[in-house]
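Structure, as structure tokens:
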Amino acid sequence: MHFRLLLLLLPVLLGACAKVDRPVRLDFVGNTTLTSSNRTVAANDTLSTRAYAVGNDNLLRRLRITVTYEPGPEPFRYPLPLSSFRPGDAPASQTIVYLDSLITPIQRVNTTTNTPFFRGGEYLFENRFSARSTSGTELWQYTVTDVNGESASRAYRLTVRKPDSAAVFHNYSLVIRPRPRTTLAFDTLRERARVFLNLSYGLLLPKYAVLNNEATVQPNQQLVDLIATVRNASITLEAPAHSGQTPLLTTAKWPSRRRTEVRQTSLPPAAFNAAATTEAFEGAYNNGQLFTAAPDGLSTGTLAKDQVIAFRTTEGKTGLLLITDVILGTSPVLKCSVRVQK
């Protein structure tokens, strides 16, 4: 019902867009709360885009979203003075397929003529995502294709300027909203919770960015360090290689699993805020202890506010993660801050 109501309002929201009788039409819905054009945003901003597609001739079949990071999302220590910076020293640009899925368009019927408004149907998709955590740009491109291969694309570019790009460590804050689940079904665009975390980049990915039937997003699995998971009315952070993830992530769909190791520390939040060197991160990890509930070192067990966790990624980068809040119940929320070596 909510979807159909939005479709009824679209002629007003898209009033500024000229109607073009092409095989496929794609527009961004515009209002003050949605991202639909080039803009400058803050690092890790949570943004939303609504893409509306129409099939004028044939049924709509596929939606594909890509994002190109320039430079790549990997943290980079800019030199001092900045005048000595050479663009060729920055990480190479990186493109990831954020979504690649078959879609089922809605067929609305004109009650006067008893015919569809659009022969190929309509489709409305809301993409909620986080901006990059490092300085640079990201180009988001949306493409819709019909059953005959006709397509339409729209894109916008976001710019992030982070003032501490010359620091020796990378830092950011996240709000994660994990949902209770028992299995990871595929090709459902309703599961939009961003719970797959890359610690080095500060990227949060939804399920459809790492799992689909065609395996076209499977390379993104190598970006995932930790997965926010709800277990027994508590929230945990688990590496893909943790045994508890095996029932949820089948080997066929997630063949190569990263081993991000986590350690329990006795550090207070003040020590987290003071940690600013690789030596501090490595010391916290080396002095940390395995979590009682996870002797394999790949899970935090139950998380609590003000807890400081040390970690080491598959590439050997160390860092600290501070739990700033945990909200349980029917809509769990995990808030955390991260400091990781560049």
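The values are calculated or read from the model by the stated rules, or taken from the named source; none is laboratory data. Predicted model, so just to flag it, every value in this text is computed and none were measured. With ideal geometry, Cβ positions are generated from the backbone for all residues, glycine too; neighbour counts draw on all protein chains shown.
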Thr265 surrounded by 17 or more Cβ atoms within 10 Å (Cβ to Cβ) and of a type in the set (Ser, Thr, Tyr): yes
Test set (1) modelled with pLDDT under 95; (2) farther than 25 Å from Phe169 by Cα - Ile235 fails condition number: (1)
Selection from the range 136-164 of residues that are in a loop (DSSP other than H, G, I, E, B) and either free of Cβ contacts under 8 Å to residues at least 40 places away in the same chain or not assigned by TED's automatic domain parsing to the domain that holds Asp57 (or both): Gly149, Pro163, Asp164
Test: residue in the range 66-79 that is aliphatic (A, V, I, L, M) and farther than 16 Å from Thr137 by Cα: no
Qualifying positions in the range 42-57 - part of a strand (DSSP E or B), out of contact with any helix residue (DSSP H, G or I) (no Cβ under 9 Å at 6 or more places or on another chain) and either more than 16 Å from Val109 (Cα to Cα) or outside the structural domain of Gly30 (by TED's automatic domain parsing) (or both): Thr46, Leu47, Ser48, Thr49, Ala51, Ala53
Selected residue [farther than 23 Å from Leu197 by Cα, in contact with an Asp or Glu (Cβ under 7 Å, 6 or more places away or on another chain) and among the charged types (D, E, K, R)] from Arg108, Arg62: Arg108
Residue count, the range 206-244 (criterion: aliphatic (A, V, I, L, M) and more than 24 Å from Phe291 (Cβ to Cβ)): 5
Output for the range 132-157, where each listed residue is of a type in the set (A, V, I, L, M) and crowded, with 18+ Cβ neighbours inside 10 Å: Val144, Ala152
Whichever residue in the range 47-63 is closer than 14 Å to Arg25 by Cβ and of a type outside the set (A, V, I, L, M, F, W, C) and, among such residues, is surrounded by the fewest Cβ atoms within 10 Å (Cβ to Cβ): Asp57
Given (1) over 17 Å from the mean Cα position of the chain (by Cα); (2) within 16 Å of Phe311 (Cα to Cα), index of the condition Asp225 fails: (1)
Boolean, Leu249 is buried (at least 19 other Cβ atoms within 10 Å of the Cβ), under 30 Å from Leu63 (Cα atoms) and in the same structural domain as Ser331 (by TED's automatic domain parsing): yes
Residue within the range 268-283 that is touching a Leu at 6+ places or on another chain (Cβ under 7 Å), among the aromatic types (Phe, Trp, Tyr), touching a residue at least 24 places away in the same chain (Cβ under 8 Å) and farther than 16 Å from Lys317 by Cα present: yes
Single condition Lys162 does not satisfy, out of (1) within 28 Å of Ser37 (Cα to Cα); (2) at pLDDT 95 or above: (2)
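Quick grid of which residues meet (1) outside the structural domain of Ala42 (by TED's automatic domain parsing); (2) at positive phi; (3) out of contact with any strand residue (DSSP E or B) (no Cβ under 7 Å at 6 or more places or on another chain); (4) aliphatic (A, V, I, L, M):
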| site | (1), (2), (3), (4) |
| --- | --- |
| Tyr78 | no, no, yes, no |
| Leu82 | no, no, yes, yes |
| Arg86 | no, no, yes, no |
| Gln94 | no, no, no, no |
| Ser101 | no, no, no, no |
| Ile106 | no, no, no, yes |
| Thr112 | no, no, yes, no |
| Pro116 | no, no, no, no |
| Arg132 | no, no, no, no |
Conditions (1) basic (Lys, Arg); (2) free of Cβ contacts under 8 Å to residues at least 40 places away in the same chain; (3) out of contact with any strand residue (DSSP E or B) (no Cβ under 9 Å at 6 or more places or on another chain); number of the one not met by Arg259: (2)
Filter pass, Tyr172 being part of a strand (DSSP E or B) and under 30 Å from Pro23 (Cα atoms): no
In the range 76-96, the residues that are of a type in the set (Ser, Thr, Tyr), surrounded by 12 or more Cβ atoms within 10 Å (Cβ to Cβ) and not in a loop (DSSP other than H, G, I, E, B): Thr95
Failed condition for Asp21, given (1) charged (D, E, K, R); (2) assigned to a loop (DSSP other than H, G, I, E, B); (3) at pLDDT 90 or above: (3)
Verdict on Thr302 being in contact with an Asp or Glu (Cβ under 7 Å, 6 or more places away or on another chain), closer than 27 Å to Gln222 by Cα, surrounded by 12 or more Cβ atoms within 10 Å (Cβ to Cβ) and polar (S, T, N, Q): no
